[in-house]
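Engineer: What follows is a structure written as C-alpha cells; I'll ask about it next.
The values are calculated or read from the model by the stated rules, or taken from the named source; none is laboratory data. Please read these numbers as outputs of a predicted model, since none were measured by experiment. Here the Cβ is made from the backbone with ideal geometry for all residues, glycine too, and neighbour counts use every protein chain on show.
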Amino acid sequence: MLFRSTDLLNDFERLTKGLNLGPEFDRTVDDLSTKFTSTFAGAPNLDVVRSDDRFALFIDLPGVDPTSVDVTVDGRTLTISATREFEVAEGHEHIHAGRRHGAFNRSFKLADDLDIEGLTARSEHGVLIVSIPVIAAPQPRKIQVDVNASNDVVND
C-alpha cells in the first residue's frame with residue numbers, strides 16, 4: 001500500500017466534516033492539501049534544519065550516482081530529481097524488492113525571504129545537502145527629524 005500524505009489529509013477532512021470549525025480552518029486544511037500532495041512511496045527521507053542565516057535540506061540518496069542528481073530552481077520552486085538504478089544480472093532472479101529504486105522528484109516552494117541565488121548543493125556519503133541562505137530582514141533604524149526645514153513640502 002502506498003503511503004500518501006493526501007490519504008492522511010482526506011482522513012482528517014472526513015473526521016472534521018460537519019464540525020463547522022469555520023472558514024479559516026477550512027482554508028488551513030486546503031492549504032495543507034495543496035502543500036503536501038507528493039507521494040512518499042518513492043521519495044527519499046529528508047530532514048530540514050534552520051539556523052539563523054540559512055535552511056539546509058538533508059536528503060538521503062544512498063546508491064544514487066551524485067552526478068545524476070538534478071537540482072533546479074524555477075521561480076520560487078526548488079525541484080530535486082534523481083534516479084536510483086538497479087539491475088539484476090542476466091541469469092539471476094530478483095526474489096525480493098525491499099529497496100526503492102527508479103526515478104523520483106520532489107518540489108519545495110521557497111519563501112520570499114530565501115536567497116535563491118545563493119543556493120548550493122553538495123553530496124556527502126549518499127546524502128544530498130541543499131543549503132539556502134536566509135535574506136536578512138531589514139532592521140529598524142532611527143530617522144533624524146530636521147527641525148530647521150522649511151514648511152513647504154511641495155518645493156522641497
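Engineer: Mind listing just one residue for me: the one in the stretch 67-88 that is out of contact with any strand residue (DSSP E or B) (no Cβ under 9 Å at 6 or more places or on another chain) and modelled with pLDDT under 90 and, of those, nearest to Ala43 (Cα to Cα)?
Structural biologist: Glu87
Engineer: Which of the residues belonging to the stretch 75-92 are more than 21 Å from Leu128 (Cβ to Cβ) and among the acidic types (Asp, Glu)?
Structural biologist: Selection gives Glu87, Glu90.
Engineer: Also, I was wondering about something else. Go through the residues of the stretch 42-52 one by one and say whether even a single one is at pLDDT 85 or above, at negative phi, surrounded by 12 or more Cβ atoms within 10 Å (Cβ to Cβ) and basic (Lys, Arg).
Structural biologist: Among the residues of the stretch 42-52, not one is at pLDDT 85 or above, at negative phi, surrounded by 12 or more Cβ atoms within 10 Å (Cβ to Cβ) and basic (Lys, Arg), which makes the answer no.
Engineer: While we're on this one: Condition test on Ala103, is it assigned to a loop (DSSP other than H, G, I, E, B) and among the hydrophobic types (A, V, I, L, M, F, W, C)?
Structural biologist: no
Engineer: Follow-up question, since we're still on this one. The conditions are (1) closer than 30 Å to Val71 by Cβ; (2) exposed (fewer than 14 other Cβ atoms within 10 Å of the Cβ); (3) of a type outside the set (A, V, I, L, M), and His92 fails exactly one of them. Which is it?
Structural biologist: Status for His92: all satisfied but (1).
Engineer: Same structure, new question: Find the residue count for the stretch 72-97, including only residues that are without any contact (Cβ under 8 Å) to a residue 12 or more places away in the chain, in a loop (DSSP other than H, G, I, E, B) and either under 22 Å from Gly126 (Cα atoms) or of a type in the set (Gly, Ala, Ser) (or both).
Structural biologist: Our first condition is that a residue be without any contact (Cβ under 8 Å) to a residue 12 or more places away in the chain; within the stretch 72-97, this holds for 72, 74-75, 87-97.
After this cut, where a residue has to be in a loop (DSSP other than H, G, I, E, B) as well, the list is 75, 87-97.
Filter again for either under 22 Å from Gly126 (Cα atoms) or of a type in the set (Gly, Ala, Ser) (or both), leaving 75, 87-89, 91, 97.
Total satisfying the criteria: 6.
Engineer: Same structure again: How many of the residues in the stretch 106-136 are in a loop (DSSP other than H, G, I, E, B) and over 15 Å from Phe55 (Cβ atoms)?
Structural biologist: Qualifying residue count for the region: 2.
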